[in-house]
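Step one of this worksheet: look at the structure below.
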Amino acid sequence: MNETIICAVGNVATQPVYRELPTGPSARFRLAVTSRYLDRAKNEWTDGHTNFFTVWANRQLATNAAASLNVGDPVVVQGRLKVRSDVRDGQSWMSADLEATSIGHDLARGTSAFRRASRPEPGAAASAQPEPEWETPPPTDSESQQPDQAAVVT
């Protein structure tokens, strides 16, 4: 199957709209992608044309996008490009939609703190298992006497 997969880097232009549908969660927002170029005459960076995409996210990606994204956030979106044409009120309209497979904050322009989404408990069997110990145990007396070889830098 031939599909056009693209990666778009831009800013969230509208607050994500979240909907619970019979097929599962869905979210959409507009993405503004502006090209920049160096104007050699002025010796400064200049904004070029801005393209707008409607980004569609489904299932867990929709839930996480709605909880994580705000207007103005710099993001990287990867997904399937779908260009649609439509006739409204006698005029021909074109729109570019991105069916997102991945969405993330653009860390070249800021920082972000990742949090795993909590998943609902599938049943009582899952709660019967003890939580694994994630903490690193303190060193024993024999380990604390030896120098840490990994930390030695020459």
Rounded accessible area of Thr50 (nearest 10 Å², 1.4 Å probe): 50 Å²
Hz values of 3J(HN,Hα) by residue in region 90-106 - Karplus curve (6.51, -1.76, 1.60), Gly and Pro given as x: x, 10, 8, 10, 10, 9, 10, 10, 10, 8, 5, 9, 8, 9, x, 5, 7
Approximate spin-label separation Asn43-Arg115, in nm, with each point projected 7 Å along Cα-to-Cβ: 4.7 nm
Whole-percent pair-distance distribution, where bins are 10 Å wide, for the alpha carbons of region 1-122: 12, 37, 32, 15, 4, 1, 0
Heavy-atom accessible area ranking, 1.4 Å probe, most first, across Val77, Val71: Val71, Val77
Region 59-104: Cα Rg divided by the 2.2 N^0.38 Å rule of thumb: 1.48
Potential extension, Lys82-Val17 segment - 0.36 nm per residue separation minus Cα distance: 21.5 nm
For Asp73, distant residues with modelled amide H under 5 Å away: Val12
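The values are calculated or read from the model by the stated rules, or taken from the named source; none is laboratory data. Please read these numbers as outputs of a predicted model, since none were measured by experiment. Note that each Cβ is placed from the backbone with ideal geometry, even for glycine, and that neighbours are counted across all protein chains shown. Accessible surface is based on the protein model in full, side chains and every heavy atom, while ligands, DNA and RNA are left aside. Shrake-Rupley method; radii C 1.70, N 1.55, O 1.52, S 1.80 Å.
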